[in-house]
1. Can you tell me how many residues within the range 86-142 are small (Gly, Ala, Ser), without any contact (Cβ under 8 Å) to a residue 60 or more places away in the chain, within 19 Å of residue 25 (Cα to Cα) and out of contact with any Leu (no Cβ under 9 Å at 6 or more places or on another chain)?
2. Within the range 59-70, how many residues are buried (at least 16 other Cβ atoms within 10 Å of the Cβ) and either in contact with a Cys (Cβ under 8 Å, 6 or more places away or on another chain) or modelled with pLDDT under 95 (or both)?
3. Let me spell it out: the conditions are (1) loosely packed, with under 15 Cβ neighbours inside 10 Å; (2) under 21 Å from residue 145 (Cα atoms), and residue 32 meets all of them except one. Which number is the exception?
4. So if I check each of 27, 56, 3, which one is in contact (Cβ under 8 Å) with a residue 24 or more places away in the chain, surrounded by fewer than 21 Cβ atoms within 10 Å (Cβ to Cβ) and touching a Phe, Trp or Tyr at 6+ places or on another chain (Cβ under 9 Å)?
5. In the range 36-47, is there at least one residue being loosely packed, with under 15 Cβ neighbours inside 10 Å, in contact with a strand residue (DSSP E or B) (Cβ under 8 Å, 6 or more places away or on another chain) and either among the β-branched types (Val, Ile, Thr) or in contact (Cβ under 8 Å) with a residue 60 or more places away in the chain (or both)?
6. So, in the range 77-135, exactly how many residues are part of a helix (DSSP H, G or I), surrounded by fewer than 16 Cβ atoms within 10 Å (Cβ to Cβ) and in contact with an Asp or Glu (Cβ under 7 Å, 6 or more places away or on another chain)?
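The values are calculated or read from the model by the stated rules, or taken from the named source; none is laboratory data. Treat the numbers as computed from the prediction; the structure is a model and nothing was measured. Counting neighbours? That spans all protein chains shown, and the Cβs are built from the backbone with ideal geometry, glycine included.
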Amino acid sequence: MNVDDLDGRIGEGWGGHAPDGAHVNVVLAKRGSPTAAAIGMFAHPTPGHAPVLVCVGPTQEEYEPVWPPTLMMNKATALTDRHQTITWGAAQLGIGQGVLDAVADGLLEASGDLLVLVAVWIDPEAADETSVRNASRAATRKALGTCVEGRDPDAASSLVERRDLLRNPFYGGD
C-alpha cells in the first residue's frame, strides 16, 4: 500500500491477559506530513512517560531501530523500577517484533518514509516479562492490521446499534 494512503491511519489492539497483557493504540504517518508533526507534539517526555525509538539488540551497543521507524510512548506512568523495565524492555521488544511481523506479512514496507507511533499500556502490576513481550507483539500486529486493512464495517455498525448497552472494564456505574 502507498505511504500516502497510510498517513493518518489508526488502529488498536489488545494482547495477552491482565495483568501481563498489553493495550496499544497505533498511528501511521508519512514522514514530513502533518500527521508526523502531530506525533512529534504528542511524544514529549514527562515524569514517568518517555518516548522511545523502538530498538532491538542483545546489548545496548548492538541496538538497532526496527524499520519502519517506530516511536513508542507509554500510557501508564512507569514509576517503579520493575514497571519501567517491563515497559521499556519486554513491551518495547514485543512492539518491535509486532512491527516486523507486519513487514514480514507484507502489510508495511521496511522504509523510512513511514513512521509508526505506538502508545502502549502496561499494567503496573505486570510481572511476567515474556507474557508482556508476547502480548505487546500480538497487540501491535493486530493494530497494524486494522491500520492497513481497515475495520470491518459491520463491527462499526454493530457498535452503533448496541451503543446504549456498551460497557467498559474501568467503568463501574449503571
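1. Counting residues in the range 86-142 that are small (Gly, Ala, Ser), without any contact (Cβ under 8 Å) to a residue 60 or more places away in the chain, within 19 Å of residue 25 (Cα to Cα) and out of contact with any Leu (no Cβ under 9 Å at 6 or more places or on another chain) gives 3.
2. Of the range 59-70, the ones buried (at least 16 other Cβ atoms within 10 Å of the Cβ) are 66-70.
When the remaining residues are screened for being either in contact with a Cys (Cβ under 8 Å, 6 or more places away or on another chain) or modelled with pLDDT under 95 (or both), the result is 66.
Counting residues in the range 59-70 that are buried (at least 16 other Cβ atoms within 10 Å of the Cβ) and either in contact with a Cys (Cβ under 8 Å, 6 or more places away or on another chain) or modelled with pLDDT under 95 (or both) gives 1.
3. Only one criterion in (1) loosely packed, with under 15 Cβ neighbours inside 10 Å; (2) under 21 Å from residue 145 (Cα atoms) is unmet by residue 32, namely (2).
4. On inspection, the qualifying residue turns out to be 56.
5. Yes; the residues of the range 36-47 include at least one that is loosely packed, with under 15 Cβ neighbours inside 10 Å, in contact with a strand residue (DSSP E or B) (Cβ under 8 Å, 6 or more places away or on another chain) and either among the β-branched types (Val, Ile, Thr) or in contact (Cβ under 8 Å) with a residue 60 or more places away in the chain (or both).
6. Of the residues in the range 77-135, 1 are part of a helix (DSSP H, G or I), surrounded by fewer than 16 Cβ atoms within 10 Å (Cβ to Cβ) and in contact with an Asp or Glu (Cβ under 7 Å, 6 or more places away or on another chain).
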